[in-house]
C-alpha cells in the first residue's frame, strides 16, 4: 500500500466522516473545531458550490473535509489552486483523489505561496485538513482562499497554471478578445517596476486615468486629481518588465486579490487595431473610445 493510501486509511479509521454538512453559503465557510463533543471521532464536512471562495477554520480540532461542487460543469475546471491566509496555523492540507490523500502543504509553509493541483475527470475534488496536535488551540486559525481554473496545465506551479505565453506580445485577435473578456481593462502608464527573485515575479506600479472594467477592487482612487487611479499588476520575472514612458492599455486576470498582466499594448496601437476591426465589422465587442 502506498504511503498516501495508508495515510488515508489511517485517517478514515481514526475519524468517521459525518454525513451532515456544516453550515456554509455557496462560496465561503467559517466555523470552529469546538462545535463537537471533545471525544467525537467525526470529521466536519463542508460542501461549497462556487468556483472561488474562502474557508476559515478557527480552533482547529481533529479534521475538516471541504468538498468542492461548483454549479458549473466540472469538465470546464481542470485545476484547483489554494492560497493560505497569513494567519494559517494548526493543520496540514491534503488533496483527496481516488480514495487517497496527497499532502499539499504543512503548517509553517510560506503564506504567499499558491498551491495548485489537477482534478481527475468528473471526480468531485475534496480538500482534507488534519489538525496538528496542540494543547492550546486558542490562537490557531486555518484559512485559505480557493479558485477553480479552466486550463490545460499539468504543473502544480500557480504561475504556470494561470499564465500562458504571457511574455510574448498579443496578436490582433488576442488583443480584441482581451478587451472584451479580461477581468480588468485599464488605461494608464507605468510608474515603477520592482522585482522579486524569490517569487520569480515582477510588480508593475500603474497610474491610471481610466478604469474601463475591473472584477474587484485591485485599482483604487488616488488622493489627488479627480478621476485618477492607481494599482499594481504582477507578471513573471522572465518577462523583463521595465518602467518607461507611454500610454498603455493594461488587461489581464485577477486571482486571489491580485492583478496578473495579460495583453498590454500601447494605447495608440490598440486604437489602430480596434478601429480597423470595427470598420470591417469584426470587433467582438464595443469598446468606449475617448
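The values are calculated or read from the model by the stated rules, or taken from the named source; none is laboratory data. None of these values were measured; they are calculated from a predicted model. Positions of Cβ are generated from backbone atoms using ideal geometry, with glycine treated the same way; all protein chains shown enter the neighbour counts.
Matching residues to (1) surrounded by fewer than 16 Cβ atoms within 10 Å (Cβ to Cβ); (2) modelled with pLDDT under 60:
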{"residue": "9", "(1), (2)": "yes, yes"}
{"residue": "28", "(1), (2)": "no, no"}
{"residue": "42", "(1), (2)": "yes, no"}
{"residue": "46", "(1), (2)": "no, no"}
{"residue": "69", "(1), (2)": "yes, no"}
{"residue": "79", "(1), (2)": "no, no"}
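Name, by its number, the condition in (1) touching a strand residue (DSSP E or B) at 6+ places or on another chain (Cβ under 7 Å); (2) closer than 23 Å to residue 85 by Cα that does not hold for residue 209. Looking at each condition in turn, residue 209 falls short on (2).
Taken across the range 127-134, residues that are modelled with pLDDT under 70 and part of a strand (DSSP E or B) do not occur at all. Specify the residue that is nearest to the chain's Cα centre (by Cα); the eligible residues are those in the range 187-202 that are surrounded by fewer than 12 Cβ atoms within 10 Å (Cβ to Cβ) and farther than 11 Å from residue 245 by Cα. The extreme case among them is 198.
Name the residues in the range 246-275 that are touching a helix residue (DSSP H, G or I) at 6+ places or on another chain (Cβ under 9 Å), surrounded by fewer than 17 Cβ atoms within 10 Å (Cβ to Cβ) and farther than 14 Å from residue 179 by Cβ, would you? Result: 246, 247.
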